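First up is the structure itself, then whatever we jot down about it.
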Amino acid sequence: MTKNTIWTIVGVIVAIVIAWFLVNVLFSVLAFFFKALVVLVVAALVFFALRYFFRDRNAS
């Protein structure tokens with residue numbers, strides 16, 4: 001094994017570790033935004049449902 005081969009193998013391992021970390025961060029961020037979107041939709045549905053059930057039925 002030459003010196004270049006060893007550095008190539010080390011470079012590939014480092015690249016895989018960095019890529020693994022970046023993909024993990026990316027999926028965490030995407031999961032957070034997806035959860036936030038679902039929470040906003042559910043909150044809007046609950047808000048309008050509560051408004052509907054507690055509306056003043058005697059108002060003109």
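Scanning the range 1-35 for residues that are at pLDDT below 95 and charged (D, E, K, R) gives a single hit, Lys3. Looking at Asn24, Asn4, Asn58, just one residue is among the polar types (S, T, N, Q) and either touching a helix residue (DSSP H, G or I) at 6+ places or on another chain (Cβ under 7 Å) or not in a helix (DSSP H, G or I) (or both), and that residue is Asn58. Looking at Phe47, Phe54, Phe34, just one residue is surrounded by 10 or more Cβ atoms within 10 Å (Cβ to Cβ) and more than 17 Å from the chain's Cα centre (by Cα), and that residue is Phe47.
The values are calculated or read from the model by the stated rules, or taken from the named source; none is laboratory data. In this text, all values refer to a predicted model and were calculated from it rather than measured experimentally. Every residue, glycine as well, gets a Cβ built from its backbone with ideal geometry; the counts of neighbours run over all protein chains shown.
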